[in-house]
Amino acid sequence: MDKTLKHKAAMQKQKEKVDKNIAAATIERGIVILLTGNGKGKSSSAFGMVLRCLGYGHKVGIVQFIKGAQRCGEAAFLQQNHPEVDFHQMATGFTWNTQDRDGDIAAAEKTWSYAERLLQDDSVYLVVLDELTYMLAYHYLEEEKVLAAIRNRPSEQSVVVTGRGGGSSIREIADTVAEVNDIKHAFKAGIKARPGIDM
Ligand code: ATP
Ligand code: MG
């Protein structure tokens with residue numbers, strides 16, 4: 001068989017497989033996605049989904065744990081007037097900067113209260129809980145409370161949780177779990193974090 005015919009046959013077979021899988025997925029409900037691992041691309045992927053949702057005219061809620069003390073592009077954009085996005089930041093910075101456990105816990109609790117509200121609002125199609133895994137790893141938030149709020153969300157609502165490590169309990173309730181592997185990172189070659197790319 002020549003190359004063209006062989007390719008056509010292989011693609012035909014592939015199409016049958018894909019079509020069968022598409023037909024088999026019939027359940028309609030919101031999902032929980034956990035993006036974890038040591039590589040770059042967890043938070044930026046979450047914001048990619050935010051953009052997609054906005055494209056369909058959906059309302060989105062975003063809660064960023066840890067972040068807010070340093071400049072970042074998504075906050076610069078979202079703090080302008082975007083009525084379809086409900087955006088909150090913990091704004092304490094990294095735990096190794098604050099070095100204040102009680103202060104961090106109080107800030108985590110206050111930030112979580114925004115998340116809890118979003119997780120009860122069925123007009124919100126997507127909730128992003130950026131860097132939430134650290135709040136569980138450091139026991140800043142009570143795990144059961146977090147899991148229950150995610151589990152009891154409106155059925156059409158999806159949730160994206162990001163953060164390295166510490167997500168084992170969320171891993172269990174998540175429908176989609178992806179781990180970004182660190183193969184290379186520019187920072188390790190001495191290249192400064194780039195506005196818009198890394199922050
Ligand atoms: P991003 O926000 O770019 O998608 P991320 O959410 O996957 O990254 P975090 O662990 O939240 O990664 O870290 C945020 C910052 O750390 C970003 O500036 C990112 O470029 C940088 N970073 C991510 N992975 C690595 C790595 N393996 N080595 C060094 N820096 C990293
Ligand atoms: Mg991140």
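Every number in this text was worked out from the coordinates using simple rules, so none of it is lab data. Small disclaimer: the values here were computed from a predicted structure and weren't measured. Note that each Cβ is placed from the backbone with ideal geometry, even for glycine, and that neighbours are counted across all protein chains shown.
Key figures for this structure:
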read-out: Where labels lie 7 Å past Cα in the beta-carbon direction, separation of Phe77 and His139 in nm; value: 3.8 nm
read-out: Sequence of Tyr114, Tyr140, Tyr56 once ranked by neighbouring C-beta atoms within 10 Å, starting from the fewest; value: Tyr56, Tyr114, Tyr140
read-out: Backbone N within segment 167-199 under 16 Å of label point (7 Å from Gln70 Cα along the Cβ vector); value: 185-199
read-out: Dipole-positive endmost among Ser123, Ala76, Asn181 within the chain (Cβ charges, Cα centre); value: Asn181
read-out: 18 Å Cα-Cα reach of Lys13 towards lysines, excluding residues that sit fewer than 8 places from it in its own chain; value: Lys3
read-out: Highest-fluctuation residue, Val50, Val128, Val180 considered, GNM on the chain with Cα pairs under 10 Å; value: Val180
read-out: Mean Kyte hydropathy of 0.0 or more with a Cα span along the axis of at least 18 Å, helices from DSSP in the chain; value: 42-55
read-out: Convex hull of segment 119-199 built on C-alpha atoms - directionally averaged projected area, nm²; value: 6.9 nm²
read-out: For segment 51-199, projected area of the alpha-carbon convex hull averaged over all directions, nm²; value: 9.5 nm²
read-out: Neighbour-count ranking [beta-carbon atoms within 10 angstrom, fewest first] of Met135, Met49, Met11; value: Met11, Met49, Met135
read-out: For Val160, residues with placed amide H under 5 Å, excluding near neighbours; value: Ile33, Val127, Val128, Leu129
read-out: Long-range HN-HN contacts of Gly37 with modeled amide H, under 5 Å; value: Gly165, Val180
read-out: Charge dipole magnitude, Cβ of K and R +1, D and E -1 - segment 85-199, Cα centre, debye nearest 20; value: 520 debye
read-out: Amide H contacts under 5 Å for Phe87, placed H, 5+ residues apart; value: Ile62
read-out: Pairs beyond 21 Å (Cα-Cα), from Lys15/Lys42; Lys42/Lys145; Lys20/Lys42; Lys40/Lys188; Lys42/Lys184; value: Lys15/Lys42; Lys42/Lys145; Lys20/Lys42
read-out: Formal net charge of residues neighbouring Val85 (Cβ-Cβ distance under 15 Å; K, R +1; D, E -1); value: -2
read-out: Segment 1-137, dipole about Cα centre (Lys/Arg Cβ +1, Asp/Glu Cβ -1), debye to the nearest 20; value: 1020 debye
read-out: Estimated FRET transfer efficiency when R0 is 22 angstrom, pair Asn152-Met49 (beta carbons, to 0.05); value: 0.55
read-out: Inter-part distance where segment 20-95 and segment 134-174 are each reduced to a Cα centre, Å; value: 14 Å
